[in-house]
Amino acid sequence: MSETVLSARGLRKSYPSGDALLEVLRGVDLDVAAGESISVRGVSGSGKSTLLNLLAGLDAPDSGTVAWEGSADTGARRRAAYLGMVFQSFYLVPELDAFANVLLARRILGGVDGAARARARELLKHVGLGERAHHLPSHLSGGERQRVALARALMNSPRLILADEPTGNLDEGTGNGVVDLLLGLCLSANAALVLVTHNAAHAAKTRRSLVLHAGRLEPPFTA
Amino acid sequence: MPWYLHLALRQLFPTGRRFPFFTLISTLGVALGVALLVIVMSVMGGFAHEIRHMIVDTEGEVQIVARGGIGDYPAVVRKVESVPGVAAATPYARDEVMIRFNDKPAYPLLRGLDLDSVERVTRLGRYVRAGSLDDLDDDSIILSGQLAASIGARVGDTVEVYSPLIISKLAADEVFLPRQVRVVGILEIGHQQLDSSTVYGTLRLAQDLYGLGSTVHGIDVRLNPGVNEDDAAARINAVLPEDIRALSWEDSFSDFLWVLNLERGMIFFLLLFIVIVAAFSVTSSLLISVVRKTREIGLLSALGARPIHVAACFCAQGLFIGVLGTAAGLVLGFTALAVRNDIVLWIMKVTQRQEVLRRFYQFSELPSHTSGATVGLIVVLTIAISTLAGLLPAWKAARLKPVEALRSE
């Protein structure tokens, strides 16, 4: 049986909405095995990003637990080594070129050396940006920026990648390319992937598809 | 290099842009404050340095005084000169007189000098602008420059000197005629107060005018080079009777030096506000930067950055601006000091006030003396203030919740 890299149990999260509390997550359970790819779909406002933030340890649930490889330690220090994140808006540091943005993940983890620099260059080559390593984000297209973000997410060889609508700001063709690249990279790095997406075609490319509905994760409805 | 220092440097100096506007303006503000502090403190230090030279050149490093005067002064001089570190000693008598020339009166201080020893202790000779110290005898005087100008006397003229004794003589119905003395020199020390109200004569002339007999008012002492004035004064006191005391020049002029130091302290404090205002501008710019980069701060948290390191990234920007601004300010300040006299000359030419400056300050050049301790204090305070300027933005950045930061528009 594959090792579980991510385990969530009974996750609940609510936000104040006027005088009432809006319960976004109502007891989410999820297990992700090493190297597995999972897609999470759902309508806007269903709590997909909230779930991803809880899984990443960026936010605390009202109740429930998140564990990475059985450990409840989801703090910043462990996150740097264990987790890679990809966002819809890329979030590249504008003052750093593509190479420095990729290397930033290792800088935060600590220990930038020749090998780290070589890996950053290799990753940029792998995402097709070897020639544009020293271009600033402002000089890259949306698709290229997202590919830099993918390389950054993989820089520290994480066990788990959480991608929050990574194709949301890209045209269809570019989006397809980015998802294929993301799946391929995760496969070759044996990293588990949780992909939050609106796109059914992208979701279909993952090994397991789930839908966030009424605050719970369910298998997709099939007619 | 830790990531937060690397990112702080990159945010100040982004790839492809040598000197962004924010960095330039912030650095310039700090640099101007530092440059002004260096220039003003150096010029004030220069004035203080000149005054120290003037005091030591005219009165030696140690002054010996006694209540009621020193009777057997040759014996005291011999004792003092036997003290280790003492190069020479010279007695003097000093009191106020009235002088008159062409019906113009003046009320200077007359200082009677022992011509045999005065040049071993003081360097008065180098300040004589007309005539010579060698021409001084018991029937002549040397006038300070502004005093001579105010009564219109020149070398070769004869002036009348009235002693304070005239009052007691008049009370006893005695006739006391003024002394007729020749002006044999004009002396300019470079200090407005001394140059406007001092007359130099021989010790015997002063003793006669004050009715001192063989008594003197004090003894000036010159020390060997490198000898500490306070230590020497203590050693001299050890061989003197208790009613005769030796004071270092700093103790003798302690009130004057206190006022001088107070002025320097106040000016330093006031000019430091330029650096503080510049630091507020750094704070304001960094706060804007925190707001502008909220999502990046969220990203850093997502990448595993700890809040303390996010804070350090912004605090370091204040530090770097402080270091850069201080370095630029020192270069600017010392460059301005190097060309200060040209600047002063130009201003004087433009304002046509050259004569006024000369009359009041007497310095042919604007003095400058930079103390290492003052520069050190400026550097440390400026860098500390600039770093503190980054604290508030750093605190704001560290308090951002990653999820809210990532969601911000």
Notebook entry, point to check: If you take the residues of the stretch B:114-130 that are of a type in the set (Val, Ile, Thr) and under 23 Å from residue B:78 (Cβ atoms), which of them is surrounded by the most Cβ atoms within 10 Å (Cβ to Cβ)?
Noted result: B:121
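Yes or no, residue by residue, for (1) in contact with a strand residue (DSSP E or B) (Cβ under 8 Å, 6 or more places away or on another chain); (2) outside the structural domain of residue B:381 (by TED's automatic domain parsing):
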{"position": "B:43", "(1), (2)": "no, no"}
{"position": "B:47", "(1), (2)": "no, no"}
{"position": "B:56", "(1), (2)": "no, yes"}
{"position": "B:66", "(1), (2)": "yes, yes"}
{"position": "B:69", "(1), (2)": "yes, yes"}
{"position": "B:87", "(1), (2)": "yes, yes"}
Note to self: All but one of (1) open to solvent by 10 Å² or more (accessible area, probe 1.4 Å); (2) more than 23 Å from residue A:53 (Cα to Cα) hold for residue A:170; state the number of the condition that does not hold.
What the structure shows: (2)
Next item on the list: Give the stretch B:190-212 a look and list any residue that's in contact with a helix residue (DSSP H, G or I) (Cβ under 9 Å, 6 or more places away or on another chain) and open to solvent by 20 Å² or more (accessible area, probe 1.4 Å), or say none.
Entry: B:191, B:192, B:194, B:196, B:197, B:210, B:211, B:212
Item checked: Sole exception among (1) closer than 23 Å to residue B:222 by Cβ; (2) surrounded by 16 or more Cβ atoms within 10 Å (Cβ to Cβ); (3) not acidic (Asp, Glu) for residue B:35, by number -> (1)
Note to self: Given the options B:394, B:384, name the one that is within 17 Å of residue B:291 (Cβ to Cβ) and modelled with pLDDT of 90 or more.
What the structure shows: B:394
Notebook entry, point to check: Are any of the residues in the stretch A:1-16 small (Gly, Ala, Ser) and without any contact (Cβ under 8 Å) to a residue 12 or more places away in the chain?
Noted result: no
Item checked: Matching residues in the stretch B:295-312 - criterion: being within 11 Å of chain A (Cβ to nearest Cβ) and either closer than 15 Å to residue B:8 by Cα or free of Cβ contacts under 8 Å to residues at least 12 places away in the same chain (or both) -> B:296, B:297, B:300, B:303, B:304, B:305, B:306, B:307, B:308, B:309, B:310
Checklist line | Residue within the stretch B:14-26 that is β-branched (Val, Ile, Thr), in a helix (DSSP H, G or I) and over 29 Å from residue B:143 (Cβ atoms) present | finding: yes
Check: Are any of the residues in the stretch B:80-100 under 27 Å from the mean Cα position of the chain (by Cα) and open to solvent by 70 Å² or more (accessible area, probe 1.4 Å)?
Finding: yes
Item checked: Candidate set: the stretch A:139-159, residues that are within 14 Å of another protein chain (Cβ to nearest Cβ) and more than 20 Å from the chain's Cα centre (by Cα); chosen: the one surrounded by the fewest Cβ atoms within 10 Å (Cβ to Cβ) -> A:139
Check: Out of the stretch A:89-138, which residues are basic (Lys, Arg) and within 10 Å of chain B (Cβ to nearest Cβ)?
Finding: A:106, A:107
Check: Which residues, taken from the stretch B:224-242, are open to solvent by less than 60 Å² (accessible area, probe 1.4 Å) and either within 22 Å of the chain's Cα centre (by Cα) or within 24 Å of residue B:177 (Cβ to Cβ) (or both)?
Finding: B:227, B:229
Next item on the list: Run down B:339, B:291 and say which single residue is open to solvent by 30 Å² or more (accessible area, probe 1.4 Å) and over 21 Å from the mean Cα position of the chain (by Cα).
Entry: B:291
Next item on the list: Would you check if residue B:234 is part of a helix (DSSP H, G or I) and touching a residue at least 60 places away in the same chain (Cβ under 8 Å)?
Entry: no
Note to self: Are there strands (runs of 3 or more DSSP E) fully within the stretch A:1-100 with at least 2 residues that are open to solvent by 60 Å² or more (accessible area, probe 1.4 Å)? List them.
What the structure shows: A:4-17, A:20-33
Checklist line | Qualifying positions in the stretch A:101-128 - open to solvent by less than 10 Å² (accessible area, probe 1.4 Å), of a type in the set (A, V, I, L, M, F, W, C) and either modelled with pLDDT of 90 or more or more than 22 Å from residue A:177 (Cα to Cα) (or both) | finding: A:102, A:103, A:104, A:105, A:116, A:120, A:124
Item checked: Residues within the stretch A:45-85 that are free of Cβ contacts under 8 Å to residues at least 12 places away in the same chain and away from chain B (no Cβ under 14 Å), tallied -> 2
Check: So which residues in the stretch B:384-409 are of a type outside the set (Ser, Thr, Tyr) and either touching a strand residue (DSSP E or B) at 6+ places or on another chain (Cβ under 6 Å) or open to solvent by less than 40 Å² (accessible area, probe 1.4 Å) (or both), if there are any at all?
Finding: B:385, B:389, B:390, B:393, B:394, B:397, B:398, B:402, B:403, B:405, B:406
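Here is a yes/no grid of residues against (1) in contact with a Ser or Thr (Cβ under 9 Å, 6 or more places away or on another chain); (2) farther than 19 Å from residue A:83 by Cα:
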position: A:168; (1), (2): yes, yes
position: A:174; (1), (2): yes, yes
position: A:185; (1), (2): no, no
position: A:196; (1), (2): yes, no
position: A:200; (1), (2): yes, yes
position: A:204; (1), (2): yes, yes
position: A:207; (1), (2): yes, yes
Checklist line | Pairs with Cβ under 6 Å, 6+ apart, first in the stretch B:53-66 and within 15 Å of residue B:245 (Cα to Cα), second modelled with pLDDT under 90 and surrounded by fewer than 17 Cβ atoms within 10 Å (Cβ to Cβ) | finding: B:66/B:243
Notebook entry, point to check: Any residue at all in the stretch B:289-298 that is modelled with pLDDT of 90 or more, part of a helix (DSSP H, G or I) and among the acidic types (Asp, Glu)?
Noted result: no
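Do we find a residue being within 14 Å of chain B (Cβ to nearest Cβ), open to solvent by 40 Å² or more (accessible area, probe 1.4 Å) and within 30 Å of residue A:46 (Cα to Cα) anywhere in the stretch A:182-191?
Initially, the stretch A:182-191 is screened for residues within 14 Å of chain B (Cβ to nearest Cβ), giving none.
No, that holds for no residue.
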Check: What's the number of the condition residue A:11 fails, among (1) closer than 24 Å to residue A:220 by Cα; (2) within 14 Å of chain B (Cβ to nearest Cβ)?
Finding: (2)
Margin query: Looking at the structure I just gave you, is residue B:286 within 14 Å of chain A (Cβ to nearest Cβ) and either buried (at least 17 other Cβ atoms within 10 Å of the Cβ) or part of a helix (DSSP H, G or I) (or both)?
Written below: no
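The values are calculated or read from the model by the stated rules, or taken from the named source; none is laboratory data. These figures come from a predicted structure and were not determined experimentally. When we count neighbours, we look across all protein chains shown, and the Cβ atoms used for this are built from the backbone with ideal geometry, even at glycine. These area figures cover heavy atoms from the full protein model, side chains too; ligands, DNA and RNA do not enter into them. Shrake-Rupley method; radii C 1.70, N 1.55, O 1.52, S 1.80 Å.
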